[in-house]
Every structure is written in C-alpha cells, then in structure tokens.
Amino acid sequence: MRCTTRLLTAVFALFVTFSTLAQVPYGPVRQKPPGEILSDLKKLNVLGSVLYVAAHPDDENTLLLAYMAKERLVRTAYLSLTRGDGGQNLIGSEQGENIGVIRTQELLAARRVDGPDQYFSRAYDFGFSKSTNEAVRTWGQDKVLADVVWMIRQRQPDVIITRFPPDPRAGHGHHSASGFLAEEAFKQAGDPTKFPEQLAYVKPWQAKRILWNVFIPNAFQSSKRPDEAGNLIGIETGLYNPLLGRSYGEIAAESRSQHKSQGFGVPASRSPRMDYLLLKGGDPAEKDPFDGVDLSWKRVPNSGPVQTLVSQVISSYQPAQPAASVPALVRLYQAISKLDTTNLYVRSKRQDVQNLIQQCLGMWLETNPTTYAATPGETVTLNTNLISRSDIPGEKAPVTLVSMRYSTGKDSTLNLALKPNDQVVLSTRVTIPKSMAISQPYWLVKPIDKGLFQVDNQQLIGLPENPPALTTSFTVDIAGQRFVYTRPVVFKSADPVDGEVYRPFIIQPDVMANLTERVFTFADNSPKTAEVVLIAGRANVSGTLKLTAPAGWRIEPASQPFSITAKGDEQRLSFQLTPLADAQNGQLQAEMTTNDGTFTSGLRVIAYKHIPTQTLFPPATAKLVKLNVTVTAKNIGYIVGAGDEVPAALQQMGCRVTLLGAADLSRNLSTYDAIVTGVRAYNTNDWLARYQPNLMNYVKNGGTLIVQYVTPPSGFLRSEPALPQLGPYPFSISRERVTEEDAKMTFVDPNHPLLNKPNKITDADFNGWIQERGIYFAQDWDKAYQPIFSAHDTGEAAKEGSLIYATYGKGCFMYTGLVFFRELPAGVPGAYRLFANMISAGK
C-alpha cells in the first residue's frame, strides 16, 4: 500500500507533544456546565498524578478512576496493556485486531465519561492465558516492560495502582502479567541504565509507591501472601459530587456501560462503596494513597504568586457568569508561563488554564471538511465555524481571531473581532500533501508479531489512536494575551435519527480492493469464481487489477483493466481460480496498478453508533485452502449468535445456509440436514429458550443439532437469563478451556463416527489452529453423551468436554466448545474437515 509505511509527518509530532498533557478528542470540545468548570478550576490547585495499570479494556475500576479524576482532582490515566483483541464480540462479527479497534474506542468513550486519559502498550491480546510466564513470553517481556516504563516516565505518577496481583489469584495470565510488569516497571523507571533509549524524550521517574486495588477484601484476607502483611487502605469512593450532580457510582456505571461489544452495561449505583488498596512497593502509606506526597504548588519552585492567583480565581468564580473569570485566568496563565516550562506540572496546568479560558467564554472552534476522506494530492474544502458566546466584563478589547493555520501549511492573518454570540463562518481549500500517510491505525501498519504490535517510532507507543489527519490552529487574542488552540479537522453530518454525527477525517489510497470472501476452499480441482470489489479513493482512477497466488493456482484472466469515474464508486471484477495438482495453500493478493503506483490495500469500515466510525486499510487478500473434505449435509439452518463467520465457511463447503429467526423455529424444521447455533446464541437471543422444545423435536425426528459454545451465567448481573437445558439430556457449562492452540487432541474413541465419516480425522487435522483449542467446555454430562476428545494445557489434568455427542430418537445432538468461529474464518483445513463430519452426522 502506498504511503502506509512512511514516517508520519510533523502533524504526528505535534499531536505526540500535546498527548503528554491532554488527549485530543476527534469530536468537538464539549462545552461544560458551570459546576464542572468550577471543578476544573479547583483542579488547578492539585498537583498530583496516578497511573492505573491492568491488562484489558473492562479491567479498570471505573469507580476508583472517577473518584481519582473528579474527587481527588489528580492527573489520572489508565494504561491497558492490550486492546482486547482476543475477546469475543457481542455486537458484530469483528475478531482479532478489528475487535481491538472497537474496544479501543469504547475505552476512549469510557474515559470521556469518568475523566482520566487512556493509554496502551504494544501487547496484543492473543487470547486467554493461564500464567504470567506464558503471557510475558508471548508478548516479549522486555518490550512490554519497556512500554510500562515509558508510560511511567511520561506521566510521572506519584502513585501507581494495579488492578491485579502478580500471581494466579488474578485468574488470567494477562491479568497477573499486568501486575508483575507494573511492579517491575515501578522499580526500573527511575534507573537511567534501564531502557536508556527513552531518555531522548523523557527522564527517569520514581513513583512514591505502588498499590494493588484489592477487589474483594474478604477473599483477599483468606489468600494473603506472607509479604502482604500491611494493612489495607480503605477509601470511600461512592461519594456524591454536587458540582457534577452525580455520584461517582453513577459516573462509573455510565463509563462501564461503554463496553458494549462485551455486553457490560450495568445499572448505576448510588450507595456508599469502599475501595481498598494494598502497598506492593515504595514508601508505606497509613490512611491515604497519597500519604507523604505534596499535592500543592509547593512542589514547583517559585510558584507562590501562582498559588495566590489560583486561590483568587476559585474564590471569585461566578457560576452565572463564567466569563468574569477570564481576566484572572489570563493573569494566571502569564504567571505560570514565567515558571520552569520543562516541569510537567507547569506545562499541564498552563494548558489547563488555556482550556478553562475557552470554556468560560463558551468559545467554539471547529473545522469540517465537505468529505470524510481524501487521497494524497487531493484538494478538499474546509469550512470553519467560530463563535465566542460571552463578553469579558470590564474588558474593552474584544476577543480577536488573529490568524488561522492548517497543518497542510496554509495559513491566513485575519485580525477578526469575535463579537459575543456572533458566529463566523470561513471557507478555504487545501491540498493534501503527497507525502501524507494513509490513515491506517499506527499499531496495524506492520504485521503483528504473534504477541506484539510492531511500532518503530518510540513517541507513538502508548497513544490510544492515530493523531488527526489534519488540524487547524487558531491564534486568538484574549485580554491582550495570545493563545493557540489546535483542533482536529473532523467530518460532520446530520443523521435524521441521531442528529449531528462526527467522523474522523482520513487519508485513503487512490484505489482499494475487497475480495468478497475471506477464504476460498476447494474440495476438488473444480474452479471457483473470485469476485473483487474495487473502491475509488478519488475521482477518475484507472489502471490494471491482477491477482497473485502461491504456486499451483491458475488465475484467469491474468489481469483486467478498471476505470472508476466518481470518488467512492465501485467496480466489480471476476476471476476464475483453479487449483492444480500441486496447489499450495496461501494468500490470494489483489494488486492495482495506476499511473501513480501500485496499491494493495483493502477497505474495512467499522461502524457502530456508540463509537466514531473507524476506517482500516488491511491487505487486500483472501486465503486459498485446498481441502480434502467430503460433506454429505447440504441444507443447513443457522441461528446467529454473538457474531461469527461460520455461515460463510459452510457456504464455501458447498452447503446452502438459511439464517433462522424466532418465526422460523416455529415451523417445520425437517428440511434441514443440520441446524447450527452460533456462539453465545443462547446468551444473546432470549427467544431461543422458548423454541428449545421445537429443536429437541427436530432432533428426535432425525435432525442434527450442533450447539456452539455458550457462557454460563456469571452471577454478577441479576438480569442474566437462566439457560435452558441445551440438549436432550442434562449437562452443564464450565469455564474450563484449553488455551494452547497446539495442545495434543487425544481421541477418546478412535472408532467414533464423528472421527471417521465422511472424513477420516487424524492428528494432522489439528495442525495450524489459532489462539486456542476451545473454551467453555461441557461438564457433568449425562451418561448418554459421549466425549470425543481429551485435551489439556501443559501441567493440567485432561479435559473431555470440548465436544460431546448423543443420539436422541432418530437424530443426534452435539455441544462443542471448540473455537470453530476462529478456525474456519482463518482457513484451518482440519477445522473444516471436522465440522463437515459434525453437520453430516445425520446423513
């Protein structure tokens, strides 16, 4: 893909500089009500910092984060080691790095609610892990440890808080690894001999202490280790904030409920709540996590006048007239500017004052392009809206827009007076530099190295997302002082239902290609048609498309011309793929050649209403798999669950697939050779339990029913529905799993039909599996069920619940925790062969 691997330009550097102070949202800067402005004014008086560390999106204690950011008013950040790439998706079919993109945005949405900043390491969530050693070995211990050290040196926290202990009590190898790495980084961040390459940008930093946020105090007391003799520090976090009009429990619930892809919506709590912290390293603390930490301006030399001005601003604040505080805030800004600007607090508080001036004025600064995407070299129209909605009492000179500068290099001198509540609309055209990088998420520019995103630029590590492709800098004169406000250029549209909708402005390739199938499977040497959808990134793009493949594949025609007139339009071209006798499994790659170069990117748009639309440019590829597979079942009914791509895999095997809803299950089901329920179907479809008798009758009368894994009720939510009896005979669902994707699969009964008809299953069919073998295994099954496999992770006892089988009447029933929803889209041949046997069991 052209431009993707180029170093990001000065726009990126500008964003990284400001990211250490305050994160820049893609949407507009929300205008805060007077109570929240007062809270922010009070925050000017607090010079302290806390860094919270855990492993995944949803691990964070949103109540404690809200309390730290909005009650204690300290600079608060959450470092999630991973982006949650290995989890399941309850709202769509995205998996892997794509669900990681969704969960990144959900975490950012959560932080916009509860207040802290959000950061990530380069660690990839490769799925459930049972030990710290496995996690850090897969990630690369030194690399992820370096990332945690980097964030400590950047944020300079007084206190570090971990969500999990560094041992098996954490319940997940990633969890315990986050505690282990945080404790190691706490020790090393102040040592200049550790990761010295970072010192070109940051300086060593030693936090005062590191604490573990103990989740259940009673359970902790029964599992205390010898080195955990210190007392727990109790903090009342369930407080009510009258300035915000909400308790921290209410804020935390709203924050937690942003994790929609995981189904983590929770009710608000308005009751008291205690959180507990245990010292894990550093100076002891008796009653408070900040014991012995000076949280005042005394920690900054020569700041006495600043402290006086801050107190005056707070005491004189008028909620009915916030703009009256502007002259004092300007004087405060000038006083802070006289201090040592290499000091992090000096820089961050000065930025906070600048933001408060904008808030007190009700000043709106926004630039919107007329399109959400452009290509390098393209010219776009930008519309800028400005309004200052308040007078400054006693100030004769109006607020003046001195100049504007776009990150493309175009600028203008205006000296335009902004009259109160008088909107100014300006329009200009800018040309996107040819050197601009494509807006691929920076952590996905290079292929994932098993457990680690490959990021070469040290200054990008930790950032939650790419910087804006374009920015506008507004130089504004306020009470005789000039301020520069930098805002991202964002696309804005009006939706008839949702109203005003924002979307990041992106840079895209001239042309993109999507193959209509992720995997092409061939059971014989018969040709298949591969359709390619070309999407124009700009107007009047033309060239030649060809497909390349490994040895042993014939592609006809060798290439085809394309020509697309309008930007955003599509052209569909077809090729014939034929496997020859020596066909090798591998990648089918689309390449588009134009006068401007060769392009090899696809286009993936991730659009959900609760997050900004995300645009990715993955390689324009599909997998080619030559299978030795026989399928005797042809007509399959599929009940969609939490979202997977198994139906497409069934179609690739030559099956007709009908998606079944509630109304379909009340009809005659005998026309289906097999019915398959998607992952978590019984968790996500309440109506499915009502039709369970119909499904059992279908089996009794000769049908084949396959239930892919469901999750047992967690016990955390009272509203969770009880699962019906899933099969004709009792069994229950456990949380047992085999996480080693190469774990030995022992055949309990090698002569069982599922292992022999119509395909002979061998050990070789379990080669090449990804992420894990299976999850949520069956347990406590009736003697009518037959386990098919036995497997276990290293050092554990054998588990037989990955696939159980029973006959019932004339038909058969199967429950499986094997992760076909991962293996089939990944083109794993053995998974296709085994699944073919399962759907063909009744034939």
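Report, in debye and to the nearest 20, how large the dipole of the chain comes out about its Cα centre when Lys and Arg carry +1 and Asp and Glu carry -1 on their Cβ. Please report the intermediate quantities before stating the final value.
Working: 85 positive and 78 negative charges, 223 e Å.
Dipole magnitude for the chain comes out near 1060 debye.
With contacts defined as alpha carbon pairs under 8 Å and 6 or more residues apart, what's the relative contact order of segment 287-444 in percent? Numbers along the way, then the final one.
Values: 207 pairs, mean separation 28.7, N = 158.
For segment 287-444, the relative contact order is 18 percent.
Convert each backbone phi in segment 342-354 into a coupling constant with the Karplus relation 6.51 cos²θ - 1.76 cosθ + 1.60 (shift: θ = phi - 60°), then list the ³J(HN,Hα) values in order as whole Hz, x for Gly and Pro.
Karplus values, whole Hz, x for Gly and Pro: 7, 6, 4, 5, 4, 5, 5, 5, 5, 5, 4, 5, 4.
Starting from the Cα-Cα distance between SER493 and ALA566, subtract it from 0.36 nm times their residue separation and give me the gain in nm to one decimal.
Values: separation 73, 0.36 × 73 = 26.28 nm, distance 2.03 nm.
Contour length minus Cα-Cα distance gives 24.3 nm.
Taking the Cβ of LEU63 as the centre, find all other residues whose Cβ is under 15 Å away and add up their charges (Lys, Arg: +1; Asp, Glu: -1).
Details: positive: LYS70, ARG72, ARG111, ARG163, ARG246, ARG256, ARG270, ARG273; negative: ASP58, ASP59, GLU60, GLU71, ASP114, GLU236, GLU250, GLU254, ASP275.
Counting the neighbours of LEU63, the net charge comes to -1.
What pairs from LYS43/LYS70; LYS419/LYS492; LYS546/LYS567; LYS298/LYS349; LYS450/LYS626; LYS410/LYS434 go past 18 Å between their alpha carbons?
Values: LYS43/LYS70 9 Å; LYS419/LYS492 25 Å; LYS546/LYS567 21 Å; LYS298/LYS349 14 Å; LYS450/LYS626 25 Å; LYS410/LYS434 15 Å.
Distance filter (> 18 Å) returns LYS419/LYS492; LYS546/LYS567; LYS450/LYS626.
Pull up all non-local amide H partners of LEU418: gap of 5 or more, or a different chain, and H-to-H distance under 5 Å with H placed in the peptide plane.
The answer is VAL399, THR400, LEU401.
For the residue pair SER311 and SER296, what label-to-label distance in nm results when each label sits 7 Å from Cα along the Cα-to-beta-carbon direction?
Roughly 0.8 nm, to one decimal.
Pull up all non-local amide H partners of ASP510: gap of 5 or more, or a different chain, and H-to-H distance under 5 Å with H placed in the peptide plane.
Close amide H contacts, sequence-distant or interchain: none at all.
Want the number for LYS187 to ALA219: 0.36 nm per residue separation, take away the alpha-carbon distance, what's left? Could the numbers behind the result be given before it?
Numbers: separation 32, 0.36 × 32 = 11.52 nm, distance 2.78 nm.
Extra length from LYS187 to ALA219 when fully extended: 8.7 nm.
Classify segment 244-362 as rounded, prolate or oblate, taking a ≥ b ≥ c as the square roots of the eigenvalues of its Cα gyration tensor: rounded when a/c is under 1.5, otherwise prolate if a/b is larger than b/c and oblate if not. It would help to have the intermediate numbers written out before the result.
Details: a/c = 2.28, a/b = 1.36, b/c = 1.68.
Verdict is oblate for segment 244-362.
Mind pulling the angle between the C-alpha long axis of helix 34-43 and the longest principal axis of the chain? Nearest 10 degrees, somewhere in 0 to 90.
Orientation of helix 34-43: about 80 degrees from the principal axis.
Taking the Cα centre of segment 313-436 as origin and charging only Cβ (+1 Lys, Arg; -1 Asp, Glu), how large is the dipole, in debye to the nearest 20? Show your work: numbers first, answer last.
On the way: 12 positive and 8 negative charges, 50 e Å.
With Lys and Arg at +1 and Asp and Glu at -1, about 240 debye.
Can you tell me the Rg and the Dmax, both Å, for the Cα atoms in segment 364-507?
18.3, 62
Can you give the angle from 0 to 90° between the axis of helix 173-188 and the longest principal axis of the chain, with both taken from C-alpha atoms, to the nearest 10?
30 degrees
Across every pair of different alpha-carbon atoms, what Kirkwood hydrodynamic radius in Å does the chain reach?
29.6 Å
For the chain, what is the percent of antiparallel DSSP beta bridges, rounded to the nearest 5? Before the final figure, lay out the partial values.
Numbers: 107 of 148 bridges.
So the antiparallel bridges amount to about 70 percent of the total.
With the crude spin-label approximation of a point 7 Å out along Cα→Cβ, what separation in nm comes out for ASN751 versus ASN45?
8.4 nm
Work out, step by step, the length gained on full extension between ARG270 and THR630: first 0.36 nm times the residue separation, then minus their alpha carbon distance; give nm to one decimal.
Numbers: separation 360, 0.36 × 360 = 129.60 nm, distance 5.91 nm.
So the extension gain works out to 123.7 nm.
Once phi is turned into ³J(HN,Hα) by the Karplus curve 6.51 cos²θ - 1.76 cosθ + 1.60 with θ = phi - 60°, what whole-Hz value does each residue of segment 435-441 show in order, with x for glycine and proline?
7, 4, 6, 5, 7, 7, x
Work out from phi, with θ = phi - 60° and the Karplus expression 6.51 cos²θ - 1.76 cosθ + 1.60, the ³J(HN,Hα) of each residue of segment 83-90, listed in order in whole Hz, and give x for Gly and Pro.
9, x, 5, x, x, 8, 10, 8
Rg and Dmax of segment 511-626, Cα atoms, in Å?
In Å, with Rg to one decimal and Dmax whole: 15.1, 49.
Helix 304-316 sits at what angle to the longest principal axis of the chain, using alpha carbons and giving 0 to 90 degrees rounded to 10?
80 degrees
If r is the Cβ-Cβ distance from SER435 to SER412 and R0 is 22 Å, what FRET efficiency results, to the nearest 0.05?
On the way: r = 23 Å, r/R0 = 1.03.
E(calc), rounded to 0.05, equals 0.45.
What percent do you get for the relative contact order of the chain when only Cα pairs under 8 Å and 6+ apart count?
Details: 1913 pairs, mean separation 86.2, N = 843.
After rounding, I find 10 percent.
Mind scanning LYS760/LYS783; LYS208/LYS338; LYS208/LYS287; LYS634/LYS757; LYS744/LYS799 and naming the pairs with a C-alpha gap bigger than 22 Å? Numbers along the way, then the final one.
On the way: LYS760/LYS783 26 Å; LYS208/LYS338 28 Å; LYS208/LYS287 15 Å; LYS634/LYS757 15 Å; LYS744/LYS799 11 Å.
Flagged as over cut-off: LYS760/LYS783; LYS208/LYS338.
When the Cα centres of segment 236-255 and segment 678-693 are compared, how far apart do they sit, in Å?
Rounded to whole Å, the Cα centres lie 36 Å apart.
Using Cβ counts within 10 Å as a stand-in for footprinting exposure, how do TYR502, TYR638 rank, fewest first?
On the way: TYR502 19, TYR638 22.
Neighbour counts put them in this order, fewest first: TYR502, TYR638.
Normalised by the residues of segment 364-507, what does the relative contact order come to in percent, with Cα pairs under 8 Å and at least six apart?
That works out to 30 percent.
Excluding same-chain residues fewer than 8 positions from LYS843, which aspartates and glutamates have a Cα within less than 12 Å of its Cα?
Partners found: ASP673.
Order the peptides 110-118, 650-658 from the highest to the lowest mean number of other Cβ atoms within 10 Å of their residues.
Details: 110-118: 22.4, 650-658: 17.7.
Highest mean packing first, the order is 110-118, 650-658.
All of the numbers you see were taken from the coordinates with simple rules; none came from a lab. Given the structure is predicted, the values throughout are model-derived calculations rather than measurements. Counting neighbours? That spans all protein chains shown, and the Cβs are built from the backbone with ideal geometry, glycine included.
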